[in-house]
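Have a look at the structure that comes next, please.
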Amino acid sequence: MPLINQHGEEVALSPTMALDPTESDIASVGNRSLITFAFDSSVDGKAFSAAALLRAEGYSGTLLGVGPVGLDRLAYGFRVGFDVLELTDAEWQLLQSHHLSPFPHHYQPQTRSNQPLKKSA
Amino acid sequence: MYQYNSIDQAIVEARVSQFAEQMNRYLAGTLPEEQFMPLRLQNGLYIQRHAPMLRVAIPYGTLAGYQLRHLAQIARQYDRGYGHFTTRQNIQFNWLALEQVPEVLGELATVQMHAIQTSGACVRNTTTDPLAGTVPDEAIDPRVVCELIRQWSTFHPEFAYLPRKFKIAVVATEEDRAAIEVHDVGIRVKTHAIHGLAFDLWVGGGLGRTPLLGHRLLADLPLDELRNWLTAVLRVYNLAGRRDNKYKARIKILVNAMGVEAFREAVTHRYLTDHDSELKISTKTLQDLSDSFACNLQPQPVEAQTGTTAFQRWYLQNTKPHRIMGYRSVFISLKRPGTAPGDVTAEQMEIVADLADQFSRSEIRTTHDQNLILPHVAETDLQELLQALSAHDLAHPNLGLISDSIACPGLDFCSLANAPSLSLAEALHETFSDLDEQVDIGPLEVKISGCMNACGHHHIAHIGILGVEKKGQPWYQITLGGRDQQGAALGKRLGPAVPHDDVLPLIKRLIDTYLSERQRGEYFVGFVDRLGVDYLKEISYATH
């Protein structure tokens, strides 16, 4: 399944074993350079808090989200601190043919800014 | 009133475009139903029994005249000429066509309105005291705090997919007119010797299938730290709340499972560990928001009100004192015979909008009891206002009386309901049609829910009515003694459920007993406290 970065580009990455979001404080993360969180369903948002929490605690490695993330949750995922998120093949095709405009502004100063998800070159 | 800045407006317009695009993908079959459902719900769009229902946000229950006028236009153009005000201070349109919803959202955006986060597993519209800004003992206009929460929670990327819906209520007075103890989070703002403004935080209240009163989790927190504390509460909930069973997914279940002490410890740990200085609320922000809500009325001389008996009755029942001398807040009851509670026609919306422009600084409030308020009316205008309201069936002087009942849409509209609610509200009007009798009975809250999801808030009613299904037929359970203000309490079940036609006779027996056995100055709810549910059960079911 395609893995997408916040510029809407496909990236190559080998997912590590998914960490349990409930246990994901910085003490248990150690010095891992890549952490993977799995979304259990298209309405599961637990990993959004896990990512935000790790970033709040200073984690600077790569955060990968796998599972049913969904096109419409990409922006949320990137804003809370994910670097790479998984899409289905169909979603990836749709993303390549659509330009999903990000919101021009947001109210949460502590989160990352929206990035335009551009068509892949 | 708070006015949108360019960022607010750009966000609302972006959401209109985004939702239209999502709707197109759904209709084209490229967005699966399971993915579209949370997107439409977070935009207030339900698939109901007869047609899609759109719930439009009325942040902190405050509307401007031009906004209500536009809602009237939407009701007329896209619905069946009326709207329904809800117990969370919002308005619903029950008869929209699915494909027209993006167009309606576009219409709303032109008047700084939207349907964002009026449903779904996210932070919902924050509710507050419908008399905010008009009462004398406020620490701050609570709408300032609500607006801060609105901005902070709108499209919050971390909290858009919570285990379940999340409702916040705010008050800034000792008297609780927003039922903060039955919300996921309740906030009471107060003045503080050290912090200037501080707040107490309640967590874990709620109605629905598992009604619980909230716990006062923390007290005397500086108000400028509100967003950091809310982030801590929601982060703990989002990480640890159950997602395996939607009936066990509200924060109240988590708080009870963890225990209040452990939950408090977890929240405090998150607050201390994840504290973000960018979430601190500046004095300037508070001041700017306070200025935007200020009504700037000048005191007026007050003369004793004289007038017809009808005027005196309306004045006593449907108007409340204002903090500025010479002004009153005027309640418009939406509980009239032949009309579902909270329903208003497009024509009536336009009339209220015009009257707000003429008499109330163009401001209207919506209440948890599904009524409207013109908050800033000069005492000298009251007679003229009453005449105008009376001409449009908007002057029913039953505020707080037995016929001022709350009812959810029930089986007539809702796909979740077990039993009709609206027919009972109508029967209540018929049984207690004599206004003198209603006044004699005194303050009495009747609330009707068509199922255990409790949208009619029956748990916190003096007399609560819950529709249940029994062998395919609607039956009703009665609870007594609930209340949502000081000393909030959940009603106690009176006895076995009764069929539809037995509900009003049972209530009539209860009321007759109250009228014959009450002590001097004793309200119905105090009477229930004194005599107890067991005693009243014997009387209520005596001839059943």
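The values are calculated or read from the model by the stated rules, or taken from the named source; none is laboratory data. Since the model is a prediction, treat every value here as computed from it, not as a measurement. FYI the Cβ positions are ideal-geometry reconstructions off the backbone, even for glycines, and counts take in every protein chain you see. Just the protein is used for accessible areas: all its heavy atoms, side chains included, with ligands, DNA and RNA removed. Shrake-Rupley method; radii C 1.70, N 1.55, O 1.52, S 1.80 Å.
Is there a pair in B:LYS252/B:LYS284; B:LYS471/B:LYS508; B:LYS190/B:LYS537; B:LYS471/B:LYS537 whose C-alpha atoms are over 30 Å apart, and which pairs would that be?
Beyond 30 Å: B:LYS252/B:LYS284; B:LYS190/B:LYS537.
With just the Cα atoms defining each centre, how far is segment B:264-310 from segment B:474-523? Give it in Å.
Taking the Cα centre of segment B:474-523 as reference, the centre of segment B:264-310 is 36 Å away.
Right, here's the next one. To the nearest 10 square angstrom, what accessible area does B:LYS537 show with a 1.4 Å probe?
90 Å²
In chain B, which cysteines lack any other cysteine Cβ under 4.7 Å from their own?
B:CYS122, B:CYS146, B:CYS295, B:CYS414, B:CYS451
Give the calculated FRET efficiency between B:GLU384 and B:ASP220 to the nearest 0.05, with a Förster radius of 56 Å applied to their Cβ-Cβ distance.
My answer for the efficiency is 0.75.
Can I ask one more? Collect residues whose amide H, placed 1.01 Å from N in the peptide plane, falls under 5 Å from the amide H of A:ALA38; neighbours closer than 5 in sequence don't count.
For A:ALA38, whose amide H was placed from the backbone, the distant partners under 5 Å are A:LEU19, A:VAL66.
When the Cα centres of segment B:421-464 and segment B:85-161 are compared, how far apart do they sit, in Å?
What the calculation gives is 26 Å, centre to centre.
Each residue of segment B:3-9 in order: what ³J(HN,Hα) in whole Hz does its phi give by Karplus 6.51 cos²θ - 1.76 cosθ + 1.60, θ = phi - 60°, with x for Gly and Pro?
For segment B:3-9, the Karplus-derived couplings read 10, 4, 8, 5, 6, 3, 5 Hz, x marking Gly and Pro.
Quick one: of the DSSP bridges fully inside segment B:131-286, what percent are antiparallel, nearest 5? Numbers along the way, then the final one.
Details: 14 of 18 bridges.
The antiparallel fraction comes to roughly 80 percent.
Restricting to segment B:407-540, what percent of DSSP beta bridges are antiparallel, rounded to 5?
Details: 13 of 18 bridges.
Given both bridge residues lie in segment B:407-540, the antiparallel proportion sits at roughly 70 percent.
So, one more: For the pairing of chain A with chain B, what total accessible surface becomes buried, with a 1.4 angstrom probe, in square angstrom to the nearest 100? Write out the running numbers ahead of the final one.
Numbers: alone 6970 and 21510 Å², together 25330 Å².
Answer for the A-B pair: about 3100 Å² buried.
Let me ask something else about it. Accessible area of B:LYS190, 1.4 Å probe, to the nearest 10 Å²?
About 50 Å², rounded to the nearest 10.
Only loop residues by DSSP count here, and only those with at most 13 other Cβ atoms within 10 Å; note down the GluC sites (Glu not before Pro) in segment A:1-105 that meet that.
Sparse-neighbourhood loop GluC sites (Glu not before Pro): none present.
Can you compute 3J(HN,Hα) from phi for each residue in segment A:28-34, using the Karplus curve 6.51 cos²θ - 1.76 cosθ + 1.60 with θ = phi - 60°, rounded to whole Hz and x for Gly and Pro?
8, 7, x, 10, 5, 8, 9
Accessible area, 1.4 Å probe, largest first: how do B:THR345, B:THR173 sort? All intermediate terms of the calculation are to be shown ahead of the outcome.
Working: B:THR345 60, B:THR173 5 Å².
Sorted descending by solvent-accessible area, the residues read B:THR345, B:THR173.
Report the antiparallel proportion of the DSSP beta bridges in the protein assembly as shown as a percent, rounded to a multiple of 5.
Working: 56 of 77 bridges.
The antiparallel fraction comes to roughly 75 percent.
May I pose another question? Would you please classify the overall shape of segment B:309-390 from the alpha carbon gyration tensor, given that a ≥ b ≥ c denote the square roots of the eigenvalues, rounded means a/c under 1.5, and beyond that prolate means a/b larger than b/c while oblate covers the rest? Mind showing how you got there, number by number?
Numbers: a/c = 1.57, a/b = 1.36, b/c = 1.15.
The shape class here is prolate.
So, in nm, how far is label B:ALA20 from label A:HIS7 when the simple model puts each one 7 Å beyond its Cα toward the Cβ?
3.1 nm
Measuring from label point to label point, each 7 Å out along Cα→Cβ, what is the B:THR30 to A:THR16 span in nm?
3.6 nm
At most 15 other Cβ atoms within 10 Å plus a DSSP loop assignment makes a site exposed; report the longest stretch of chain B without any exposed chymotrypsin sites (Phe, Trp or Tyr not before Pro).
Details: sites that count: B:TYR4, B:TYR523.
For chymotrypsin sites (Phe, Trp or Tyr not before Pro) (loop position, at most 15 other Cβ atoms within 10 Å), the longest site-free span of chain B is B:5-522.
Where the centre of each part is set by its Cα atoms, how far does segment A:54-84 sit from segment B:1-78, in angstrom?
Using only Cα atoms, the two centres lie 27 Å from each other.
Suppose R0 equals 25 Å. What FRET efficiency, 1/(1 + (r/R0)^6) with r the Cβ-Cβ distance, do B:THR191 and B:ALA294 give to the nearest 0.05?
Working: r = 18 Å, r/R0 = 0.71.
Calculated transfer efficiency: 0.90.
So if a site counts as exposed when it's one of the GluC sites (Glu not before Pro), its DSSP state isn't H, G, I, E or B, and it has at most 12 other Cβ atoms within 10 Å, what's the longest stretch of chain B without one? Spell out each step's value before the answer.
Working: sites that count: B:GLU174, B:GLU175, B:GLU303.
Counting at most 12 other Cβ atoms within 10 Å as exposed, the longest clean stretch of chain B is B:304-544.
Further, regarding this structure: Probe radius 1.4 Å, ligands and nucleic acids ignored: give me the carbon and sulfur share of the accessible area of segment B:118-236 as a rounded percent.
On the way: 1330 of 2740 Å².
Answer for segment B:118-236: carbon and sulfur cover 48 percent of the accessible area.
Please report, in debye to the nearest 20, how large the charge dipole of the protein assembly as shown is about its Cα centre when each Lys and Arg carries +1 at its beta carbon and each Asp and Glu carries -1 there.
1040 debye
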